[in-house]
1. Using the Cα centre of the stretch B:19-69 as origin and beta-carbon charges of +1 (Lys, Arg) and -1 (Asp, Glu), tell me which of B:LEU23, B:TYR58, B:ILE35 is placed farthest towards the positive end of the dipole.
2. Considering only C:LEU193, C:PHE254, C:SER210, whose Cα is most displaced toward the positive end of the charge dipole of the stretch C:191-297, charges sitting on Cβ of Lys, Arg (+1) and Asp, Glu (-1)?
3. Given a Förster distance of 30 Å, report the FRET efficiency between A:GLU16 and A:ASN154 from their Cβ-Cβ distance, rounded to the nearest 0.05.
4. Using only the Cα atoms of the stretch A:121-267, construct the convex hull and provide its projected area averaged over every direction, in square nanometres to one decimal.
5. Which Cys residues of chain B have no other Cys Cβ less than 4.7 Å away and so no disulfide-compatible partner by this rule?
6. List, largest first, the extents of the alpha carbons of the stretch B:171-244 along their principal axes, each in whole Å.
7. Please compute the Kirkwood hydrodynamic radius over the stretch C:91-155, one decimal place, Å, based on all pairs of different Cα atoms.
8. Tell me the distances, shortest first, between A:GLU24 and the same position across the other copies, using label points 7 Å along Cα→Cβ, in nm to one decimal.
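What follows is calculated from the coordinates using simple rules that are stated; it is not laboratory data. Since this is a predicted model, take the numbers as computed values, not measurements. Every residue, glycine among them, receives a Cβ derived from its backbone with ideal geometry; neighbour counts consider all protein chains shown.
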4 protein chains.
Amino acid sequence: MVPLRSEMTNYQDIIEELYHKLLERKNVGEVADYIPKLGKVDPEKFGICLTDMDNIHYSIGDYDEKFSIQSIAKVLSLCLLYNKKGEEIWQRVDVEPSGTPFNSLVQLEADKGIPRNPFINPGAIVICDMLISEFENPKKELRDYIRRATNSKNIHFNESTAASERSNGFMNIASINFIRSFGNIQNKLDEVLDLYFLLCSIEMTCIEASQAFLFLANEGKCNHTGDTLIIKSRAKRVNAIMLTCGFYDEAGEFAFRVGLPGKSGVGGGIVSILPGEFSIAVWSPRLNSKGNSHRGMKFLEEFTSATSSIF
Amino acid sequence: MVPLRSEMTNYQDIIEELYHKLLERKNVGEVADYIPKLGKVDPEKFGICLTDMDNIHYSIGDYDEKFSIQSIAKVLSLCLLYNKKGEEIWQRVDVEPSGTPFNSLVQLEADKGIPRNPFINPGAIVICDMLISEFENPKKELRDYIRRATNSKNIHFNESTAASERSNGFMNIASINFIRSFGNIQNKLDEVLDLYFLLCSIEMTCIEASQAFLFLANEGKCNHTGDTLIIKSRAKRVNAIMLTCGFYDEAGEFAFRVGLPGKSGVGGGIVSILPGEFSIAVWSPRLNSKGNSHRGMKFLEEFTSATSSIF
Amino acid sequence: MVPLRSEMTNYQDIIEELYHKLLERKNVGEVADYIPKLGKVDPEKFGICLTDMDNIHYSIGDYDEKFSIQSIAKVLSLCLLYNKKGEEIWQRVDVEPSGTPFNSLVQLEADKGIPRNPFINPGAIVICDMLISEFENPKKELRDYIRRATNSKNIHFNESTAASERSNGFMNIASINFIRSFGNIQNKLDEVLDLYFLLCSIEMTCIEASQAFLFLANEGKCNHTGDTLIIKSRAKRVNAIMLTCGFYDEAGEFAFRVGLPGKSGVGGGIVSILPGEFSIAVWSPRLNSKGNSHRGMKFLEEFTSATSSIF
Amino acid sequence: MVPLRSEMTNYQDIIEELYHKLLERKNVGEVADYIPKLGKVDPEKFGICLTDMDNIHYSIGDYDEKFSIQSIAKVLSLCLLYNKKGEEIWQRVDVEPSGTPFNSLVQLEADKGIPRNPFINPGAIVICDMLISEFENPKKELRDYIRRATNSKNIHFNESTAASERSNGFMNIASINFIRSFGNIQNKLDEVLDLYFLLCSIEMTCIEASQAFLFLANEGKCNHTGDTLIIKSRAKRVNAIMLTCGFYDEAGEFAFRVGLPGKSGVGGGIVSILPGEFSIAVWSPRLNSKGNSHRGMKFLEEFTSATSSIF
């Protein structure tokens, strides 16, 4: 990919222009409401923050308001584990797009309990199982790792969101038992599910979310402290998985329209990166039929067109 | 993506070093033999050719020997059609990874006859159907388009290969009838299949194959003549589809290990590009369990590591 | 099963009473119209004929009008082949209910090209393939066998119906090619399809249809001539397959409500037998959502309740 | 079905002859060992008991030894519920054969959480859920109902077997959560699973098992006490479901070879009935590849041939 031309890097102008342009268009789609917490969010919230390699933020709208990042956090749990254990983790989770809606057990059955990739729910559950095997206090490790990535102490699990998800999480309980029936879970199922639902309960602002992913645009190094959060070759690989698997059954569409690695969550957030250039977080709660933020997808599509990255 | 550092662009040295390194390693996998033509190829053939933006070739081994490019040609038929008709083609074929082995009809059934992407067999068949609707002489248009891309008149369909594929192509005949039962084929099935099997019968050398894809690394323009073979935004999109869907059920693995858009064929060829930098073709007939060239995949993995492209 | 009590065998009274009762109820469902021939039938046709072991007919309504028996004929092609070749035919077709709508290829893929039973379309196609291997003139053999069963020369293939089915039979062409890709078809596909579509084109009246199945209630012997059409143990087995597989995805419902072996066709016909007692044919073209005659199913349910057969 | 001829009803002779004949043949297949309890059973156990309508037992071998009846008990839980609530239970469980191995979730997904029939695990779980909604003390009701059917107080749940099944029952926990995600479970999942695993833990001898099912051959009435355990029309329907769905993915094969309603369990037991004639229980722990008793299936096949029941 060629570098962005300097005359194009006036990120603030582009972001503001697109923000207002999209506000004028009809916003469509439903807010996720399978737990009350998510359903109560104002559907018209819209925030954007881009952080460049000089740690400068370009932002607009509701960029400084916390939202539930949900599945976006699955990238960070993967990085923590992958950095620690290396390539052996791919024995227990694959790196292929799933090709079916994100909750389907059919593919899991065909693949004998090996989830297709670490970003579908069953895959993230297996990652949590491996974190528990690896760390004495996986919950603390996970929180601290995310705080280091974000360079902020103000990152918390939302225990009540986690409890609410847990009490409605029948599909995920079905999944973990199904995977266990193939022998691909090694710890107590309740403990694994607790960690999984905590992971999904994390809240961030757009600023924090864009900061949290900046190391993946920076060869694995935290851009504030210089800490290596994940070695360079592995950062590259996490980016490849985001590119092919980051958007449920719309991964190809995102690669097609946006062309950048990214990850979405049902809370309406999307984080995406351009290696060597920036990390960007967008939040808008209305979801399209594939479960991704309607306005977030549109914004990123137009943003990459406007900034002319060839891909 | 950052540009390659100048001290790294000594492509010939890297290619030669990797070529010899891989020759020393055991070559594994089976040669496709579902038609006699493919089964008779010497399994130890190994050729490489990289063409850079100055049209300079860097090559080694059996780089100047014709091989059956098979599914690699599906990228070129897509470009011809997409350039002519634009975005409306996505009404009839999707852009999502398939998530199941390349011949499966299950997904096609779930998707009501809309193939998951233009590179699986059912998708390429629908592309051929649209080419027939679009052009008076689609066979000639296709051949001429590929000749223009390759800047060579020495590109031919192999009618005997096509006939041999045709007489064994029960799965493809099943597919086209299945798609037709959903209404997603508009021309005579025999005519569509004839074009499809001709498309797969094309033969190229590694030099020709790398030249044939160079326009996709050059914003859609032929690097010899300056002709626009496909407009820039569409070239970007074809590249995105190659990245997520170019390697059957191993697309994620390729994005993960190589990180470049590419397309493989059961003849053992792989073509891959780095936009703004180069197009590279590798040929080695032994296939891994996913149907991609074993040595070709290894070569490209080590090549991108050696040339340090970040993404 | 206990024999019917003599005071209950006044079949004519029961049939007439139920006929009028059902005529008074609203008739619902659509007539099959995927070929014009079927779509043009008067949807309110309603005929019944029961033939007992003394060859006496009890009938009412449109019992003497020809209709397209469609899939009902698959029982007769099975009998012809099974009688000739015996148990070896089960190497190539199974005897299990299909559990999925009658056209699905999914199950066929899972079962490696072995159709679940001889009454789903793929199974009947494999039976036709075996008939071609077995007989010099399978078309004539089939017609003559059915004429012997029916004890009538007035049984014909309807060539124009067959041609019409053929030109719309994309799913069946897909199926046969799919099965062929697994090696489970041995003759020319066109020849097999020709025989299959001819088989489905047969027309009978209710009288003829009830006569045609009477041998299956008579230990395999024609009740007029005493000819053995199929040996006793095999007749028993064909009846078992009708019981578990005769009604597409409604086989369990039919066993549950009616409890007799039977076979339905999309022309709105159903034939059912009570071994040692009778064969009955019902015709009413409106189909329920599972593809079986709405009124035919209701009639047979109430008929078996009224005649108190325990099971 | 014609009545058995009187000279054929010397059941004891036939049973003894077939017993010895089968003992001479090689016994094949594996004993279920997914829980230690089942795995420790002597694989060569072989017992038979037929009970006729005069309550006379004809038996041989290990007919008086308790074994784990497992899924056979699912017929009795269905009868208890169906007798109480009637036809409305079919809103929540279907009556169609499953067409896929007994543990598959694929079909359940396609059917939106409605199990295909009450004898596959998901179906029996939904029946347990309805029993809990219906009765104050469902465990006691179930035990008492089975004791009434068996006319014996010596019928117990085996709590340690149930606990052992529970701790290995990941697929069943997956199933219940999956069904719950579609809304088709109304009570606490743990409570439903407890009842389900208790149900499967019941132990009986062949004598008790044949007695327990005799009411289904007797129009729903207990043959000892005259009590109505289920009304006649519903007994007929339960028999129809046993005929089409009683043998996992081998239901068609059983209907084909034996032709009687029956139910098998992974403990190696099979119970089958001939309405108006008898109930028969066979026990032999080695299972064929479909999960049914190898020797039990053979015995019943030869037994029905020997007794000449036509259907």
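1. The residue sitting most towards the positive pole is B:ILE35.
2. Projecting each Cα onto the dipole axis, the largest value belongs to C:PHE254.
3. After rounding, the FRET efficiency stands at 0.70.
4. The Cα convex hull of the stretch A:121-267, projected and averaged over all directions, gives 9.4 nm².
5. B:CYS79, B:CYS128, B:CYS200, B:CYS222, B:CYS245
6. 42, 28, 23
7. The Cα-based Kirkwood calculation yields 13.2 Å.
8. 6.4, 6.9, 9.4
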